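For reference, the structure is listed below as structure tokens.
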Amino acid sequence: MSGTGLIFHEHFLLHDTGMAVVGSPAEPYPYLEPEAHVEHPRRVGRIKELLDHTRLTERLQPVGFEPASLEDVALFHTPEHIQNVLTLSARDGRGDAGQGAPLSRGSFEVALLAVGGACAAVDAVLDRSVDNSYALIRPPGHHAVAHQGMGFCLFGNVAIAVKRALARGTAERVMVLDWDVHHGNGTQEAFYDDDRVLMVSLHQDGLYPENSGLVDDAGGEAAAGSTVNVPLPAGTGDAGYMETLERVIFPIARQFAPDLIVVSNGLDASRSDPLGRMVITAGGYRRMTRATMNLADELCDGKLAVIHEGGYSQSYAPVCGLAIIEELLGIDSGVADNLGGQARADRLRPSFEVGLDVERALAEVVATQSAYWQLEPVS
């Protein structure tokens, strides 16, 4: 088998985050009127529907998978957190597995399935069953820390999948590239003292979590330089993200020399997302994917697994997802351009111009990371 593997199961749509209230029950603003939680099943379901509608699903290789074992989840999470998710999920009501990690009856089983999907995406690439893979899973994972869930995330899907590959010896050096609009704090925690993993997070500066993903957070004493945080200004756009990859991240990756690249694919940096302001277009995601595929070809025989994270625009995130998966397959049907109004989006200045605030942000990252890697200064 070769080509692009797809990991998906309809049970991912059963994780029920319920309704959300703007403000708090004590002091609602402007009204105590619940609305659907943004981490809604449709945000993944609509991507799968678009893949089916465009018949792209037929060109993908289905990858079989099972729920993760508790032993695998315990590679990162504490027994207390695992038990807490299980206990809350067994009740008929709703609960929170940490800070902003809502769940309901049955969510524990779905979360195990999501971890299992991430593990299968990594395994399929490492054993060369497929050329690359996309895990269309939920709940997301990159905010979950060892002792609790955070930011809609119950278990650290990517963190566990990478730890499992390292423990099994199927990978020795892994690069995690997280381009979700929010900082990948949970994945960072998992590998902050592990020099076998290059953890890179591109995120909107100061967004979430608070005071997380700072430039100076560059790895623990035993793994200095193995964490690369790039907090970017709101409105960075396609050109700024590509500049970040080509000028800063890829030169570091070449020196690190991974044998596997895993992308934490957040579609919430898109131009229409309600939780971010980074204005990446579907075409921008396509370019980032192609550049990362080329890097994987150069460094690790093309071994690339893409794991779904955030992305909360139910109209535009599916278009971005389609563009990414098409690029993994090496095709461009033009559907994403038409649905996403790419021609109009390309006229937005951040799509073609790197702003001065982005240049300043990159200069700060280079100044910090030059202590560990050979990098050209940003003028």
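Residues in region 73-93 that are among the aliphatic types (A, V, I, L, M) and under 18 Å from A161 (Cα atoms): V73, A74, L75, I82. Here the condition is being touching a helix residue (DSSP H, G or I) at 6+ places or on another chain (Cβ under 9 Å) and closer than 27 Å to R286 by Cβ; of G219, G237, G225, it holds for G237 alone.
Taking A367, is it farther than 17 Å from V181 by Cβ, of a type in the set (A, V, I, L, M, F, W, C) and not in a loop (DSSP other than H, G, I, E, B)? Considered against the rule, which asks whether it is farther than 17 Å from V181 by Cβ, of a type in the set (A, V, I, L, M, F, W, C) and not in a loop (DSSP other than H, G, I, E, B), A367 comes out as yes. Does I307 satisfy the condition of being touching a Cys at 6+ places or on another chain (Cβ under 7 Å), closer than 25 Å to P139 by Cβ and either among the aliphatic types (A, V, I, L, M) or surrounded by fewer than 24 Cβ atoms within 10 Å (Cβ to Cβ) (or both)? When the stated conditions are applied, I307 does not pass them. Does any residue of region 105-115 turn out to be modelled with pLDDT of 95 or more, within 22 Å of Y312 (Cβ to Cβ) and hydroxyl-bearing (S, T, Y)? Yes, because at least one residue in region 105-115 is modelled with pLDDT of 95 or more, within 22 Å of Y312 (Cβ to Cβ) and hydroxyl-bearing (S, T, Y). Kindly establish whether D178 is touching a helix residue (DSSP H, G or I) at 6+ places or on another chain (Cβ under 9 Å), touching a residue at least 60 places away in the same chain (Cβ under 8 Å) and under 23 Å from G302 (Cβ atoms). Yes, satisfied. Between V115, V174, the distinction of being under 14 Å from I82 (Cβ atoms), more than 11 Å from the chain's Cα centre (by Cα) and crowded, with 23+ Cβ neighbours inside 10 Å belongs to V115 only.
The set of residues in region 227-240 being part of a loop (DSSP other than H, G, I, E, B) and surrounded by fewer than 24 Cβ atoms within 10 Å (Cβ to Cβ) consists of P233, A234, G235. Taking the criterion of being crowded, with 17+ Cβ neighbours inside 10 Å and more than 27 Å from A224 (Cα to Cα), the residues of region 330-379 that qualify are V335, A336, D337, L339, G340, Q342, A345, P350, S351, V354, G355.
Would it be correct to say that S212 is touching a residue at least 24 places away in the same chain (Cβ under 8 Å), of a type in the set (G, A, S) and in contact with a His (Cβ under 8 Å, 6 or more places away or on another chain)? It is true that S212 is touching a residue at least 24 places away in the same chain (Cβ under 8 Å), of a type in the set (G, A, S) and in contact with a His (Cβ under 8 Å, 6 or more places away or on another chain). Against the criterion of being among the hydrophobic types (A, V, I, L, M, F, W, C), more than 15 Å from S264 (Cβ to Cβ) and in contact (Cβ under 8 Å) with a residue 60 or more places away in the chain, L126 qualifies.
Please work out which residue is surrounded by the most Cβ atoms within 10 Å (Cβ to Cβ), limiting yourself to region 241-272 and to residues that are charged (D, E, K, R), under 25 Å from L356 (Cβ atoms) and at pLDDT 95 or above. Per the stated criteria, the residue is D268. Considering every residue within region 206-213, establish whether at least one is surrounded by 24 or more Cβ atoms within 10 Å (Cβ to Cβ), on the phi > 0 side of the Ramachandran plot, at pLDDT 95 or above and of a type outside the set (D, E, K, R). Scanning region 206-213 turns up at least one residue that is surrounded by 24 or more Cβ atoms within 10 Å (Cβ to Cβ), on the phi > 0 side of the Ramachandran plot, at pLDDT 95 or above and of a type outside the set (D, E, K, R). Within region 54-74, if we keep just the residues that are of a type in the set (D, E, K, R) and surrounded by 15 or more Cβ atoms within 10 Å (Cβ to Cβ), the residue that is nearest to L136 (Cα to Cα) turns out to be R59. Scan region 327-343 for residues that are under 16 Å from A305 (Cα atoms) and either among the hydroxyl-bearing types (S, T, Y) or touching a helix residue (DSSP H, G or I) at 6+ places or on another chain (Cβ under 7 Å) (or both) and the total you get is 3.
The values are calculated or read from the model by the stated rules, or taken from the named source; none is laboratory data. Please read these numbers as outputs of a predicted model, since none were measured by experiment. Note: ideal-geometry Cβ built from the backbone for every residue, glycine included; neighbour counts use all protein chains shown.
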